[in-house]
Number of protein chains: 2
Amino acid sequence: MTAHPGSQAAYQLLKHTARQALASAPYTGPLWLLDPALVRQQYLALQQALPRARIHYAVKANPHPAILHTLQTLGSDFEIASEQELDSLLQLGVDAARILYSNPIKARRAIRYAYQHGVRWFASDSVEETLKIAAEAPDATQYLRLEVDNDSSDYPLGTKFGLAIAEVPDLLAQARQHGVDIGGVHFHVGSQCRDPAAWLRAIDTVWPVMTLLGEQGFRPRLLNLGGGFPITYDKQAPDIASIGAALMPRLAQLPANCAVVVEPGRYMSGPAGLFICEVINVQRKHGKRWVYADAGMFSGLYELMDGFHYPLELNGAPAGPSGQAILAGPTCDSCDVLSEAMPLPDTLREGDLLWFYHSGVYTQNLVTAFNGMPAPRVVVCPEQS
Amino acid sequence: MTAHPGSQAAYQLLKHTARQALASAPYTGPLWLLDPALVRQQYLALQQALPRARIHYAVKANPHPAILHTLQTLGSDFEIASEQELDSLLQLGVDAARILYSNPIKARRAIRYAYQHGVRWFASDSVEETLKIAAEAPDATQYLRLEVDNDSSDYPLGTKFGLAIAEVPDLLAQARQHGVDIGGVHFHVGSQCRDPAAWLRAIDTVWPVMTLLGEQGFRPRLLNLGGGFPITYDKQAPDIASIGAALMPRLAQLPANCAVVVEPGRYMSGPAGLFICEVINVQRKHGKRWVYADAGMFSGLYELMDGFHYPLELNGAPAGPSGQAILAGPTCDSCDVLSEAMPLPDTLREGDLLWFYHSGVYTQNLVTAFNGMPAPRVVVCPEQS
């Protein structure tokens with residue numbers, strides 16, 4: 001087991017705030033603590049590791065206003081997936097020119113809305129989308145989301161998005177015919193990519209398209225490396241400095257007028273979250289230990305089912321020896337089983353609190369009202385003086 | 001393909017209301033229409049088919065106040081999974097004595113809250129839960145959720161809940177020691193059970209426990225048959241009259257002082273919903289047709305992924321010949337693919353509206369804010385005069 005994040009200095013405020021919240025009001029349901037200072041720490045580390053790249057935070061990962069505000073203050077740019085995400089940025093006063101609309105499939109009204117509010121860069125991965133954007137956002141620039149290998153990632157992003165390289169010439173022919181400005185390319189290596197060579201291979205895959213754009217009279221000026229930068233769950237992630245060291249020599253070879261962009265989500269906000277829930281039952285069934293919590297797949301812990309095993313403390317202290325257990329959520333649905341085999345402390349019993357670190361993304365924004373289970377109470381750590 | 005529900009008289013109001021909603025305001029995102037009159041129709045049919053059973057509506061299926069109000073007016077009882085569901089019933093003036101708390105795993109505070117508000121019947125499937133209920137709800141009655149075969153159901157409810165029959169004696173010993181009133185038994189045959197014999201086999205499985213309760217000095221007086229009554233998606237479901245005809249002779253053999261309870265959720269509200277969303281892109285990738293909608297697994301269509309294929313109309317009219325397509329949702333997550341092989345009309349194109357019937361349950365209450373995608377707008381059909 002890796003060193004526990006809760007023991008590191010940067011997590012002391014998160015921990016202190018959690019203890020205060022639990023001391024000031026009796027526990028009545030899940031809590032979700034957020035420390036924007038940890039987002040700042042991640043931002044600065046990424047900026048230092050990849051000075052050649054502009055950082056466009058992927059709002060979908062954690063759209064809490066405190067996170068967006070902290071990033072705006074730091075000078076971050078942003079990446080959105082919807083009109084609502086755009087609205088939340090505009091409300092904070094973010095300049096629309098600093099926003100990329102990277103969702104490759106958008107409703108026509110969403111394109112129109114974003115264009116009317118000043119967004120000028122839109123992703124496409126098909127002729128259909130390119131013509132739609134051209135119609136609704138006439139002088140916008142498009143960048144092509146291209147298919148690349150996802151084999152190095154813990155969580156490949158599959159086949160849902162991405163234009164095959166072989167189909168690029170057809171799209172370019174249509175784009176030229178409609179006067180569309182194709183300004184660059186985009187890829188995603190998959191979530192939790194722990195091998196820096198994956199980005200290098202992807203750059204090699206997509207660079208010929210940048211060359212082709214230039215040859216065909218377009219102005220290629222954006223290389224969007226997407227996200228996928230890893231954080232530590234149960235497996236130790238390589239640190240961002242080593243990923244930067246692997247990528248920078250390759251980025252240094254690019255033409256000076258080519259903007260490089262990254263779109264971190266999990267990397268930026270993941271470490272900033274602490275999710276606390278309660279054990280409401282422990283029992284043995286058919287020789288196995290079952291642990292039931294008052295939060296599950298429908299109330300913030302969805303990613304546990306995908307194997308994102310958050311570093312755990314029991315009642316805010318390092319947990320003792322752990323045997324395997326089945327961890328289940330509180331709803332009546334039998335699919336609400338978070339893990340069939342999770343290491344959980346042997347001493348654990350009803351009433352104990354599970355402290356899940358690194359739960360800053362895809363938690364609060366995946367909450368449903370299923371079974372009438374309440375959304376976690378959100379507590380934002382105060383700014384440090 | 002079975003006869004389409006949209007062509008039946010009972011659906012005309014739903015259809016008419018949908019047309020009016022679309023005519024009176026431009027489409028700007030998913031709509032979810034609800035017709036309480038269809039809930040009434042289902043309630044009356046079930047009551048007629050199973051006159052020996054009290055109907056306790058499973059609030060989790062669709063907790064919309066209009067549905068709860070209609071059922072209360074009809075004299076229905078209710079089944080809850082949480083404090084919040086209890087609150088929604090109490091706000092309507094439902095008598096707590098008419099409520100069963102059938103979630104077998106509950107937070108201690110939830111038991112206390114329900115007890116303080118008058119709930120007196122609680123499910124348990126373990127010694128741990130029984131002692132917890134005994135401590136927090138001292139003179140309440142408990143009924144045992146028992147393991148039964150789920151093999152006849154399209155969607156078995158798995159192993160998460162249910163006490164093994166072999167472990168009943170241990171629990172009863174503890175119950176007697178703590179003066180707990182064990183008043184009956186409960187089972188669930190699984191969702192969408194299309195074989196009436198499954199309930200008969202389950203009754204045969206659990207009845208010896210009722211006998212044992214009597215022998216050991218308890219007062220067994222509740223047999224809870226759970227839910228699982230099917231509705232028609234792509235496969236034709238047997239009608240409720242035929243299920244009732246199969247069950248009634250067996251129920252007639254029960255002692256007169258044994259109350260029989262059913263807990264329908266999907267059966268009651270499923271037919272009352274119509275979910276409308278828009279096709280935002282159609283493209284071919286690697287030889288397959290991909291259809292992207294503006295609603296997906298995170299915005300109301302979660303059950304499509306489990307194979308609940310709602311009867312479909314295109315733009316409110318019967319759809320023409322259908323080839324297979326991959327149906328995907330609007331978020332940037334590659335897991336947001338609703339079906340890898342769904343029959344979708346060949347004529348379908350961007351801007352078309354998909355009308356999904358029988359979508360009255362596990363839609364609105366499974367909505368998240370993921371990617372900033374909006375929740376469907378809810379439209380309740382007016383009462384018919």
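When the residues of region B:306-333 are filtered to those that are outside any loop (DSSP other than H, G, I, E, B) and within 14 Å of another protein chain (Cβ to nearest Cβ), which remaining residue is most open to solvent (accessible area, probe 1.4 Å)?
Of region B:306-333, the ones outside any loop (DSSP other than H, G, I, E, B) are B:306, B:312-314, B:317-318, B:322-328.
Narrowing the set further to residues that are within 14 Å of another protein chain (Cβ to nearest Cβ) leaves B:306, B:325-328.
On the way: B:ASP306: 77, B:ALA325: 3, B:ILE326: 6, B:LEU327: 1, B:ALA328: 0 Å².
Per the criteria, the residue is B:ASP306.
Filter region B:131-162 for residues that are free of Cβ contacts under 8 Å to residues at least 40 places away in the same chain and not in a loop (DSSP other than H, G, I, E, B) and give the result.
Correct list: B:LYS132, B:ALA135, B:GLU136.
Of the residues that sit in region B:287-305 and are within 11 Å of chain A (Cβ to nearest Cβ) and outside any loop (DSSP other than H, G, I, E, B), which one is farthest from the chain's Cα centre (by Cα)?
Here the answer is B:LYS288.
Kindly evaluate B:ALA259 against the criterion of being in contact with a Gly (Cβ under 8 Å, 6 or more places away or on another chain), surrounded by fewer than 22 Cβ atoms within 10 Å (Cβ to Cβ) and either within 14 Å of chain A (Cβ to nearest Cβ) or over 30 Å from A:GLU167 (Cα atoms) (or both).
Answer is yes for this residue.
Filter region B:345-355 for residues that are surrounded by fewer than 24 Cβ atoms within 10 Å (Cβ to Cβ) and either closer than 13 Å to B:ASP306 by Cα or more than 11 Å from chain A (Cβ to nearest Cβ) (or both) and give the result.
Step one: list which residues in region B:345-355 are surrounded by fewer than 24 Cβ atoms within 10 Å (Cβ to Cβ), which gives B:345-353.
Correct list: B:PRO345, B:ASP346, B:THR347, B:LEU348, B:ASP352, B:LEU353.
Of all residues being in a helix (DSSP H, G or I) and touching a residue at least 12 places away in the same chain (Cβ under 8 Å) in region A:17-38, which is nearest to the other protein chains (Cβ to nearest Cβ)? Just the residue, please.
Looking at residues that are in a helix (DSSP H, G or I) and touching a residue at least 12 places away in the same chain (Cβ under 8 Å), I get A:LEU22.
The rows are residues; the columns are (1) under 18 Å from the mean Cα position of the chain (by Cα); (2) surrounded by 15 or more Cβ atoms within 10 Å (Cβ to Cβ).
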{"site": "A:GLN8", "(1), (2)": "no, no"}
{"site": "A:GLY29", "(1), (2)": "no, yes"}
{"site": "A:TYR43", "(1), (2)": "yes, yes"}
{"site": "A:LEU68", "(1), (2)": "yes, yes"}
{"site": "A:VAL94", "(1), (2)": "no, yes"}
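Tell me, please, whether a residue that is closer than 30 Å to A:ALA173 by Cβ, open to solvent by less than 10 Å² (accessible area, probe 1.4 Å) and within 11 Å of chain B (Cβ to nearest Cβ) can be found in region A:221-233.
yes
Filter region A:145-167 down to the residues that are among the hydrophobic types (A, V, I, L, M, F, W, C), in contact with a Pro (Cβ under 9 Å, 6 or more places away or on another chain) and either more than 14 Å from chain B (Cβ to nearest Cβ) or open to solvent by less than 40 Å² (accessible area, probe 1.4 Å) (or both) and list them by number. If you could, list the steps in order and put the result at the bottom.
Step one: list which residues in region A:145-167 are among the hydrophobic types (A, V, I, L, M, F, W, C), which gives A:146, A:148, A:157, A:161, A:163-166.
Next, only the ones that are in contact with a Pro (Cβ under 9 Å, 6 or more places away or on another chain) stay: A:161, A:163, A:165.
Listed by number, the residues that qualify are A:PHE161, A:LEU163.
Regarding region B:113-122, can at least one residue be identified that is in contact with a helix residue (DSSP H, G or I) (Cβ under 7 Å, 6 or more places away or on another chain) and surrounded by fewer than 17 Cβ atoms within 10 Å (Cβ to Cβ)? Working first, answer last.
The first filter runs over region B:113-122 and keeps only residues in contact with a helix residue (DSSP H, G or I) (Cβ under 7 Å, 6 or more places away or on another chain), leaving B:113-115, B:117-120, B:122.
Next cut, surrounded by fewer than 17 Cβ atoms within 10 Å (Cβ to Cβ) only: B:117-118.
Checking region B:113-122: at least one residue is in contact with a helix residue (DSSP H, G or I) (Cβ under 7 Å, 6 or more places away or on another chain) and surrounded by fewer than 17 Cβ atoms within 10 Å (Cβ to Cβ).
Would a scan of region B:374-383 turn up a residue that is away from chain A (no Cβ under 14 Å), open to solvent by 40 Å² or more (accessible area, probe 1.4 Å) and at pLDDT below 95?
Within region B:374-383, one or more residues are away from chain A (no Cβ under 14 Å), open to solvent by 40 Å² or more (accessible area, probe 1.4 Å) and at pLDDT below 95.
The values are calculated or read from the model by the stated rules, or taken from the named source; none is laboratory data. The structure presented is a predicted model; accordingly, all values stated were derived computationally and were not measured. Cβ sites come from the backbone with ideal geometry, for glycine too, and all protein chains shown count toward neighbours. The area values use the complete protein model at the heavy-atom level, side chains included, leaving out ligands, DNA and RNA. Shrake-Rupley method; radii C 1.70, N 1.55, O 1.52, S 1.80 Å.
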